[in-house]
Amino acid sequence: GRFELRFDSAFEAVMRACAEVPRAGQAGTWITEAMVEAYMTLHRAGYAHSVEAWQEGQTNVLILVGALVVLTLILAFQALLTRYRRVHRWVRNGFLVFTVGWLGWTAGAQLSIINVINYMLAPFNNFDIGFYLAEPLMVIVVLYTIFSLLLLGRGVFCGWLCPFGALQELLPDRPSLV
């Protein structure tokens, strides 16, 4: 895909992402929390900068939004679908395979509690919109989960949008895969 060069649009997100990259033969990373804070101070003072190469993510966002529309329809017509157990099973398993294959492995949008906590704390810690824009798919999944919690009274994340949860749902149907 195409790349767009941006300057200082997600300085803190870049620092934190670099701090999480595993390195062969090392137990951790040299970018500590104190170093991130020090560089953030330099950045705010205009002395530290980032150059980011952003990959065009429009297609992935459209795929995810389409999948969420499908999921909303599945949930809206769940009572009807459950009357036809075989159809319900195919629809559910098909969506779970999509979640594992595309959302988890291809798009890499595996949400964790670390993401959720960081999203909640970001407005109180030198808010930078670039922090949220660095991983738009995960932000969309979080917003949809919150929306489903408010609208349906339950979040649909673990049983539908979590690649690990989807894999756990699929494995009992296929014990020969284990």
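The values are calculated or read from the model by the stated rules, or taken from the named source; none is laboratory data. These figures come from a predicted structure and were not determined experimentally. Please note: Cβ atoms are built from the backbone with ideal geometry, for glycine as well, and neighbour counts cover all protein chains shown.
What is the number of the single condition among (1) of a type outside the set (S, T, N, Q); (2) closer than 25 Å to Glu20 by Cα; (3) touching a residue at least 12 places away in the same chain (Cβ under 8 Å); (4) in a helix (DSSP H, G or I) that Ala122 does not meet?
Result: Ala122 passes all but (3).
Might you check whether a residue that is among the hydroxyl-bearing types (Ser, Thr, Tyr) and either at pLDDT 80 or above or surrounded by fewer than 17 Cβ atoms within 10 Å (Cβ to Cβ) (or both) occurs anywhere in the stretch 129-136?
Taking the stretch 129-136 first, the residues among the hydroxyl-bearing types (Ser, Thr, Tyr) are 132.
Subset that is either at pLDDT 80 or above or surrounded by fewer than 17 Cβ atoms within 10 Å (Cβ to Cβ) (or both): none.
The answer is no, given that none of the residues of the stretch 129-136 is among the hydroxyl-bearing types (Ser, Thr, Tyr) and either at pLDDT 80 or above or surrounded by fewer than 17 Cβ atoms within 10 Å (Cβ to Cβ) (or both).
Kindly provide the set of residues from the stretch 16-29 that are more than 15 Å from Ile114 (Cβ to Cβ) and modelled with pLDDT of 80 or more, ordered by number.
Answer for the stretch 16-29, where residues must be more than 15 Å from Ile114 (Cβ to Cβ) and modelled with pLDDT of 80 or more: just Cys18.
Quick check, is Ala109 buried (at least 17 other Cβ atoms within 10 Å of the Cβ), over 30 Å from Phe11 (Cβ atoms) and of a type in the set (Gly, Ala, Ser)?
For Ala109, the condition - buried (at least 17 other Cβ atoms within 10 Å of the Cβ), over 30 Å from Phe11 (Cβ atoms) and of a type in the set (Gly, Ala, Ser) - is not met.
Among the numbered conditions (1) surrounded by fewer than 18 Cβ atoms within 10 Å (Cβ to Cβ); (2) at pLDDT 80 or above; (3) not in a helix (DSSP H, G or I), tell me where Arg154 comes up short.
For Arg154, the exception is condition (2).
Among the candidates Leu143, Leu111, Leu137, which residue alone is within 22 Å of Gln58 (Cβ to Cβ), of a type outside the set (S, T, N, Q) and without any contact (Cβ under 8 Å) to a residue 24 or more places away in the chain?
Working: Leu111 fails: without any contact (Cβ under 8 Å) to a residue 24 or more places away in the chain; Leu137 fails: without any contact (Cβ under 8 Å) to a residue 24 or more places away in the chain.
Result of the check over Leu143, Leu111, Leu137: Leu143.
Kindly list the number of the only condition in (1) in contact with a strand residue (DSSP E or B) (Cβ under 7 Å, 6 or more places away or on another chain); (2) assigned to a helix (DSSP H, G or I) that fails for His49.
Going through the list (1) in contact with a strand residue (DSSP E or B) (Cβ under 7 Å, 6 or more places away or on another chain); (2) assigned to a helix (DSSP H, G or I), His49 breaks only (2).
Going by what's in this entry, would Gly57 be described as closer than 24 Å to Trp160 by Cβ, small (Gly, Ala, Ser) and free of Cβ contacts under 8 Å to residues at least 40 places away in the same chain? Even if it seems obvious, please write down each step before you answer.
Numbers: closer than 24 Å to Trp160 by Cβ: yes; small (Gly, Ala, Ser): yes; free of Cβ contacts under 8 Å to residues at least 40 places away in the same chain: no.
No.
For the stretch 50-106, give me each residue that is among the β-branched types (Val, Ile, Thr), surrounded by fewer than 16 Cβ atoms within 10 Å (Cβ to Cβ) and either under 22 Å from Gln168 (Cα atoms) or at pLDDT 90 or above (or both). Let's see the steps before the verdict.
Quick first cut of the stretch 50-106, residues among the β-branched types (Val, Ile, Thr) only: 51, 59, 61, 63, 65, 69-70, 72, 74, 82, 87, 91, 97, 99-100, 106.
Of the ones still in play, those that are also surrounded by fewer than 16 Cβ atoms within 10 Å (Cβ to Cβ) are 51, 59, 61, 65, 69-70, 82, 87, 97, 106.
The answer is Val65, Val69, Val70, Thr82, Val87, Val97, Thr106.
I'm checking my understanding of the structure. Among residues of the stretch 3-49 that are loosely packed, with under 15 Cβ neighbours inside 10 Å and among the acidic types (Asp, Glu), which one is nearest to the chain's Cα centre (by Cα)?
Glu20
Under 9 Å by Cβ, and 6 or more places apart or on different chains, what pairs join a residue from the stretch 19-43 that is in contact (Cβ under 8 Å) with a residue 60 or more places away in the chain with one that is surrounded by 10 or more Cβ atoms within 10 Å (Cβ to Cβ) and assigned to a loop (DSSP other than H, G, I, E, B)?
Going by the 9 Å Cβ cut-off, the qualifying pairs are Met40/Ala48; Met40/Asn126.
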